[in-house]
Amino acid sequence: MPDDVLILGIESSCDETAASVVKNGREVLSNIIYSQIDLHTVYGGVVPEIASRKHIEKINPVIEQALSDADVSLKDIDAIAVTYGPGLVGALLVGVAEAKAISFAAGIPLVGVHHIEGHICANYIEHADLKPPFMSLVVSGGHTHLVNVKDYGEYEILGRTRDDAAGEAFDKVARAIGLGYPGGPKIDKLVREEKGDPEAVTFPRAHVGDSEYDFSFSGLKSAVLNYINSEKMQGREIIVKDVAASFQKAVTDVLVEHGMKAVLDRGEKKIALAGGVASNSALRAAYDEACKREGITLYYPSPVYCTDNAAMIAVAGYYEYIKGNLAGYDLNAVPNLKLGER
């Protein structure tokens, strides 16, 4: 094993085409992201076919830029890490095919990375002191997982959503109140800038009876839609900022309650937030308050590492690589890949 290990990360699971070079699993030398948000906003969400076509167009220039910004060439790269699931199958296939082609042509080892593992590992980039074991809450557009991180690459899922992910609920509610896509950042910004009242409307906090750590946001989403329809039918004005704030508070309350319960039940002293919703200012503030009250150390990445990016994939790939967990050229996209599966 060389003194310094350089990993080229490739991420294309949804609507970001990304490439990054990371040294020794912690130091980001480059992180290039081509976002397709503007393309999909007009449709109110990601259109898989459009996403796949744009990945094909952008993936080579993005990788070339990542290598250039890091001032390295392929001959300096020790392994290529690529997201192979979960995600949109067409989008994943673009990244996987690209990684396998470069690996074969350049003779560089290949590592397959789970997307959720990447989100968890994003916390290692800016927190040199963070090492397993710790608890992690992964909240994004497609996933809401409460994970016990036992070691690098070793995970125990304690809870997950039974229906909508938290980020998905944000998108649907934002669309219903006229904010558009992407919903999470727009709701957060509106509430923060317009001083929405989180106590204005009482929305439900769902609990799953047979699993104390699982989540459910479908009922909350329906409650918001029903409230909006009821107010319209009765001719009452809908205060959008208050509806947004009340909804956001309902989501945040459940995410904090379940995460803190898991930390305290397991006797952990650290919890790390991950995923796109981890950049939500209300969620961060609520966790910061709860962790200070209980003497728990809180970690979360900078916003650029919360959303889909290749630096987190390279970090996760580094820890798989040093363990010898390499992939063959039969590596394929697995859109419904479960955390811990290989």
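The values are calculated or read from the model by the stated rules, or taken from the named source; none is laboratory data. All of these numbers come straight from a predicted model, not from anything done at the bench. Because the Cβ atoms are built from the backbone with ideal geometry, glycine has one as well, and the counts that use them run over all protein chains shown.
Checked against the criterion of being buried (at least 19 other Cβ atoms within 10 Å of the Cβ) and farther than 24 Å from P301 by Cβ, the candidates K58, K54 yield just one match: K54. Looking across N336, N332, one residue alone is modelled with pLDDT under 95, outside the structural domain of I102 (by TED's automatic domain parsing) and part of a loop (DSSP other than H, G, I, E, B). It is N336. Checking I33, I56, I63 one by one, the residue that is closer than 22 Å to G276 by Cα and modelled with pLDDT of 95 or more is I33 and no other. Among the residues of region 299-324, just one is among the hydrophobic types (A, V, I, L, M, F, W, C), within 22 Å of I187 (Cβ to Cβ) and out of contact with any Gly (no Cβ under 7 Å at 6 or more places or on another chain), namely V304.
Checking region 187-196 against the condition returns a match, with at least one residue being buried (at least 17 other Cβ atoms within 10 Å of the Cβ) and part of a loop (DSSP other than H, G, I, E, B).
In the set (1) touching a Gly at 6+ places or on another chain (Cβ under 6 Å); (2) surrounded by fewer than 21 Cβ atoms within 10 Å (Cβ to Cβ); (3) at pLDDT 95 or above; (4) not basic (K, R), L146 fails one condition alone, (2). Right, D171: in a helix (DSSP H, G or I) and not assigned by TED's automatic domain parsing to the domain that holds G317 or not? Yes. Residues that are of a type outside the set (S, T, N, Q) and crowded, with 24+ Cβ neighbours inside 10 Å within region 15-31 comprise D15, A18, A19, V21, V22, listed in sequence order. Within the bounds of region 309-323, is there any residue that is surrounded by fewer than 22 Cβ atoms within 10 Å (Cβ to Cβ) and polar (S, T, N, Q)? Checking region 309-323: not a single residue is surrounded by fewer than 22 Cβ atoms within 10 Å (Cβ to Cβ) and polar (S, T, N, Q). In the set (1) surrounded by 13 or more Cβ atoms within 10 Å (Cβ to Cβ); (2) assigned to a helix (DSSP H, G or I), the condition left unmet by N229 is number (1). Would you confirm whether or not region 265-278 contains a residue that is in contact with a strand residue (DSSP E or B) (Cβ under 8 Å, 6 or more places away or on another chain), surrounded by 18 or more Cβ atoms within 10 Å (Cβ to Cβ), in a loop (DSSP other than H, G, I, E, B) and not acidic (D, E)? The answer is yes; a qualifying residue exists. All conditions but one from (1) assigned to a helix (DSSP H, G or I); (2) under 28 Å from C14 (Cβ atoms) apply to K241; the one that does not is (2). Of the residues making up region 1-49, those that are in contact with a His (Cβ under 9 Å, 6 or more places away or on another chain), assigned to a loop (DSSP other than H, G, I, E, B) and among the polar types (S, T, N, Q) are S12, S13, Q36. Counting just the residues of region 81-127 that are hydroxyl-bearing (S, T, Y) and more than 11 Å from M312 (Cβ to Cβ), which one comes out surrounded by the fewest Cβ atoms within 10 Å (Cβ to Cβ)? Across region 81-127, the extreme among qualifying residues is S103. If the condition is being β-branched (V, I, T) and either free of Cβ contacts under 8 Å to residues at least 24 places away in the same chain or over 13 Å from A286 (Cα atoms) (or both), then region 227-269 contributes I228, I238, I239, V240, V243, V263. Counting only strands (runs of 3 or more DSSP E) that fall entirely inside region 72-168 and contain at least 1 residues that are not assigned by TED's automatic domain parsing to the domain that holds G25, the qualifying elements are 134-139, 144-151, 154-160.
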